[in-house]
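As structure tokens, the structure follows; a few thoughts come after it.
The values are calculated or read from the model by the stated rules, or taken from the named source; none is laboratory data. As the structure is a computational prediction, the values presented were derived from the model and not from experiment. Virtual Cβ from ideal backbone geometry, glycine too; neighbours counted across all protein chains shown. For the accessible areas, the whole protein counts, side chains as well, though only heavy atoms, and no ligand, DNA or RNA atoms are used. Shrake-Rupley method; radii C 1.70, N 1.55, O 1.52, S 1.80 Å.
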Amino acid sequence: MELSGDVLIPAPRAVVWAALNDPDVLKGCIPGCQSIEKESDTAFTAKVKAKIGPVSATFGGRVALSEIDPPNSYVIAGEGQGGVAGFGKGSARVSLTDEDGGTRLTYAGEAQVGGKLAQIGSRLVQGTVTKLAGQFFAAFAKACAKS
Amino acid sequence: MDGSLIGSPVRRKEDQRFLTGRGNYTDDINRPGQAYAYIIRSPHGHAKIKKIDASAAAKTKGVIAVFTGDDMKVGSLPCGWQVKSTDGSPMKEPPHPPIAQGKVRHVGDQVCVVIAETYAIARDAAEKVKIDYQPLPAVVDMRRALESKSLVHDDVPKNLCYDWTIGDAKAVNDAFAKAHKVAKIELINNRLIANAMEPRAAIGDYDRSNGDYTLYTTSQNPHVIRLLMGAFVLQIPESKLRVVAPDVGGGFGSKIYHYAEEAIVTWAAGKLARPVKWTAERSESFMSDAHGRDHITHAKVAMDKDGRFLALMVDTMANMGAYLSTFAPCIPTYLHGTLLAGNYATPAIYTNVKAVFTNTVPVDAYRGAGRPECTYLLERLVDVAAREMKLDRAEIRRRNFIHADDFPYQTPVALKYDSGDYHTLMDKAIRLSGWDDFEKRRAEAKKRGKLRGIGISTYIEACGIAPSAVVGSLGARAGLYECANVRVHPTGSVTVFTGTHSHGQGHETTFAQLVAERLGLTVEQVDVVHGDTAKIPFGMGTYGSRSLAVGGVAIAKALDKIIAKGKKIAAHLLEASESDIEFRNGAFTVAGTDKKKMLGEVSLAAYVPHNYPIDKLEPGLEETAFFDPLNFSYPAGCHVCEVEIDPDTGVTKIVNFTAVDDFGRVLNPMIVDGQVHGGIAQGIGQALLETCVYDDNGQLVTGSLMDYCMPRADDLPSFKTGTHNVPARDNPLGVKGCGEVGAIGSPPAVIGAVIDALSPLGVTHMEMPATPLRVWQAINGTKHRKAAE
């Protein structure tokens with residue numbers, strides 16, 4: 001499953017970049033995020049509660065950043081285990097460019113689900129992921145504008 | 001047999017309890033002190049298990065034990081049939097552990113079992129088990145599997161289980177070289193999931209006082225499970241293991257096999273000295289019940305100038321899934337390749353079957369098992385042949401049928417058909433369905449904006465899979481006889497113990513009719529007992545439409561023995577010579593006199609032997625018989641389907657469906673009709689609605705009833721059924737079997753009708769299921785293509 005999109009964030013690029021690397025900001029913006037711990041500059045562990053169709057689970061997983069090119073782009077990859085609900089994993093390239101009124105954030109990547117999620121939730125995944133991404137960026141734009 | 005019970009539509013005795021909620025299914029059984037098992041299944045199609053940490057789960061209040069593959073090191077789930085490749089080598093038979101050992105091979109593979117005081121505790125605790133997987137590339141598509149570097153089993157190169165052939169390749173090639181015309185087809189027989197109404201369940205029980213194990217399970221063949229699990233997996237002798245398969249809510253093949261969960265609960269019951277119960281959720285059924293079909297086939301037929309078949313060549317890839325299910329290897333070979341003559345006198349046939357491992361649920365028999373796949377390819381190919389030859393589809397069949405006076409008929413692919421009359425069957429179906437004036441209905445539908453089409457298929461089935469010596473030589477690891485015990489009680493009522501198993505077929509009625517008729521009793525006086533190894537001497541169970549054709553004959557043989565012994569007793573009581581005693585309508589009479597003793601009087605004398613030939617005869621009136629069939633039985637038939645398609649939506653509606661079948665002698669026409677109806681419904685399901693889909697990672701995408709579409713009443717018309725019954729020559733009762741034919745004959749008739757409806761648009765091919773999307777695409781794809789030309 002592929003996902004891509006872009007959003008205009010009303011903040012300078014340096015601010016947006018800093019927020020993208022700040023676990024506290026991310027925690028506040030990721031829907032259902034219960035915890036996010038920084039293990040190193042490029043690795044986090046996270047706990048996210050999510051509901052996709054009839055499957056609801058808490059996903060524990062790791063997030064890793066690579067191909068870091070501050071303050072322009074990085075690749076964010078994550079995978080989460082939802083216990084008997086299955087697993088989800090994905091990665092996306094996130095790029096920032098200056099634009100009138102702020103910074104344009106563009107993301108493109110792919111996601112995959114397995115187990116019960118794929119079995120009974122698969123056709124709801126795309127819609128759910130799109131919705132969650134929308135919620136995330138709305139909150140993220142707000143957080144960046146504040147700082 | 002001259003009474004009225006045979007051939008009479010006696011109401012099903014068992015329906016009283018089923019319809020009033022008094023059935024006794026496995027999940028209805030609860031044993032004292034019972035614990036509950038939850039099975040953690042692989043979310044990956046293919047992965048290494050790096051680590052399992054069950055410590056948190058094991059500490060949870062109410063959890064009794066957590067077992068992984070390291071704990072349960074037992075025998076492999078065995079395969080009951082060994083097929084040999086053309087080069088003589090045995091099929092690849094990799095181990096199938098009940099709980100995965102270091103590697104998972106399909107979504108749903110068992111990884112860990114949590115046993116707790118309640119099911120809810122077990123399920124919640126399962127959330128705490130941490131399993132670290134290292135995903136591996138999944139092998140899903142059979143065509144790619146044969147070339148993939150990723151191996152489902154490390155020691156099975158190319159993921160190839162076997163490469164099997166039957167027939168005379170040279171004769172076939174010679175015939176193609178001189179053919180007037182050749183018709184070809186390439187098609188997929190879609191993977192199906194049985195979805196029996198009752199999900200599988202199993203309870204293991206262990207008696208500490210004597211070391212006896214009992215397994216209650218949703219099985220079509222409890223004795224086979226006892227043999228397979230006892231001898232191969234858990235090493236428990238038959239004398240210490242009882243297997244009970246109580247009421248079972250539908251099987252359709254999916255409950256033939258020995259499943260991991262049966263071994264897990266039995267083994268765990270022994271370990272914990274407590275009963276352990278497991279009941280599948282519907283989601284688990286989707287990813288752990290054996291699936292059906294899943295073939296990719298190329299076929300071609302060579303014809304002379306009159307459209308007579310000279311030779312047939314078929315290449316098939318058959319999906320085995322990740323492990324060999326109990327009878328998987330024989331389905332695409334001995335239940336498929338050997339049926340390729342169909343109803344036709346094709347002189348030369350050659351087929352190659354490659355069985356392939358993939359990271360999917362194991363595939364095994366599903367209603368029809370190999371024969372629907374065979375009939376589908378053959379009948380679709382015959383339709384193509386008719387088009388190539390510009391012949392009517394019925395006419396090309398008529399020209400190629402085996403003639404009624406050519407039986408017994410030896411096919412070029414091993415089977416010898418004992419009886420049949422295919423011309424009359426088809427003529428009757430053509431009359432009943434209005435085949436000849438169909439064009440009027442097509443024209444009328446066209447005025448309403450609908451595309452109407454008609455399809456025809458004929459089929460032959462080989463059922464009552466037969467002689468043990470023959471199937472043994474073909475690789476079967478079991479005999480295929482049946483056993484019956486008839487117990488005449490002191491006061492003359494009768495209990496019949498049969499080794500077959502009823503899970504919807506109505507044996508309690510049909511077998512009671514057979515016995516009541518022979519012994520001059522009422523159906524109510526005869527009880528039929530099945531499904532318990534502690535009660536029934538032995539049995540091979542129910543599948544392949546064998547219950548009456550094999551199990552019924554075993555009962556008849558036991559009745560012969562009862563009557564023979566009864567005559568001896570009656571001769572003594574009547575002070576006559578045994579040779580003068582006749583038995584009819586429940587009475588032993590001295591020929592030519594009015595002296596008689598009723599069966600009840602004779603049985604009372606047998607159990608209260610005060611006046612009894614005790615020096616020559618043992619007391620009691622109970623006999624056991626085994627019957628090993630002489631041949632398969634060969635039901636046949638002709639199905640005609642008529643559809644209307646809405647070109648705007650692509651929705652196909654079945655408006656008429658006619659089935660005319662030859663079942664040999666029929667004991668209960670109402671039950672036979674019910675079997676035909678159910679089979680056709682499943683065949684229509686395959687043709688229009690059902691398909692099992694995996695994504696490239698081995699994820700089961702159609703894993704619930706939201707995405708896997710089962711037929712419902714409003715998808716089906718009222719069926720027109722008829723028979724032209726020719727008694728089976730090689731069956732002592734003259735019966736043939738009817739359980740699977742509906743699912744065998746109907747899919748090609750439905751798809752033939754869809755293609756016929758779309759043929760004015762130039763459509764010549766359609767894969768199953770013909771969903772509205774596919775049909776709409778076929779309609780519009782053609783339109784676009786035509787516009788572009």
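The figures follow:
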item	result
Average beta-carbon neighbours from other chains, 10 Å sphere, peptide A:117-126	6
Estimated FRET transfer efficiency when R0 is 60 angstrom, pair B:VAL182-A:THR58 (beta carbons, to 0.05)	0.50
Computed lengthening from B:THR649 to B:MET197, 0.36 nm per intervening residue step minus Cα-Cα distance	159.6 nm
Relative contact order, percent, region B:481-627 [alpha-carbon distance under 8 Å, six or more residues apart]	33 percent
Chains B and A, summed buried accessible surface - 1.4 Å probe, Å², nearest 100	1500 Å²
Ordering of B:198-207, B:522-531 by burial proxy (mean other Cβ atoms within 10 Å per residue, highest first)	B:198-207, B:522-531
Per-bin percent of Cα-Cα distances, region B:1-147 [10 Å]	9, 24, 24, 18, 15, 8, 2, 0
Cα gyration tensor shape of chain B, rounded if a/c is under 1.5, else prolate or oblate by comparing a/b with b/c	oblate
Chain B, accessible surface, carbon-and-sulfur percent (1.4 angstrom probe)	52 percent
Protection proxy ranking of A:11-24, A:33-46, B:245-258, B:174-187 - average other beta-carbon atoms within 10 Å, highest first	B:245-258, A:11-24, B:174-187, A:33-46
Antiparallel bridge percentage (DSSP; both residues within the protein assembly as shown; nearest 5)	85 percent
The protein assembly as shown - mean residue ellipticity at 222 nm from DSSP helices (-39,500 (n - 2.57) per run, n ≥ 4, rounded to 500)	-8000 deg cm²/dmol
Anchor B:LYS428: lysines whose Cα lies under 23 Å away (excluding residues fewer than 8 positions away in-chain)	B:LYS440, B:LYS720, B:LYS736
Heavy-atom accessible area per residue - chain B, 1.4 Å, Å²	36 Å²
Sites A:THR42 and A:ALA111 - FRET efficiency at Förster radius 30 Å, r taken between beta-carbons, to 0.05	0.90
Those lysines that a straight Cα-Cα span of less than 27 Å connects to A:LYS131, excepting residues fewer than 8 apart in one chain	A:LYS27, A:LYS38, A:LYS47, A:LYS49, A:LYS51, A:LYS89, A:LYS116, A:LYS142, A:LYS146
Among A:LEU96, A:LEU105, A:LEU124: highest mean-square fluctuation, GNM of chain A, C-alpha pairs under 10 Å	A:LEU124
Helix A:116-146 vs. chain A, principal-axis angle (Cα, 0 to 90°, nearest 10)	20 degrees
Rounded, prolate or oblate (a/c below 1.5 giving rounded, otherwise prolate when a/b exceeds b/c) for region B:580-685 by Cα gyration tensor	prolate
Per-residue mean of C-beta atoms belonging to partner chains within 10 Å, peptide B:283-293	1
Over region A:2-146, volume per residue of the alpha carbon convex hull, in Å³	90 Å³
Peptide A:81-93, shielding by other chains (average Cβ, 10 Å cutoff)	3
Cβ-based charge dipole, region B:584-686, positive-most Cα from B:GLN675, B:PHE657, B:GLY600	B:GLY600
Rough spin-label spacing in nm, given labels placed 7 Å along Cα→Cβ, for A:ALA77 and B:PHE18	5.4 nm
12 Å beta-carbon shell around B:GLY504, net charge (K/R +1, D/E -1)	-2
Dimensionless Rg over Rh [the protein assembly as shown; C-alpha; Kirkwood]	1.03
Probe 1.4 Å, protein heavy atoms only - accessible area per residue of region A:2-146 in square angstrom	48 Å²
Gain on full stretching of the segment that runs from B:ASP212 to B:ASP141 - 0.36 nm per residue minus C-alpha separation	21.1 nm
Förster radius 56 Å - calculated FRET efficiency between B:ALA58 and B:GLN410, Cβ distance, rounded to 0.05	0.35
Simple Cβ-charge dipole of region B:481-627, Lys/Arg +1 and Asp/Glu -1, about Cα centre, in debye nearest 20	140 debye
Kirkwood hydrodynamic radius of region B:381-524, from inverse mean 1/r over distinct Cα pairs, in Å	20.4 Å
Alpha-carbon Rg with Dmax, taken over region B:481-627, Å	15.5, 48
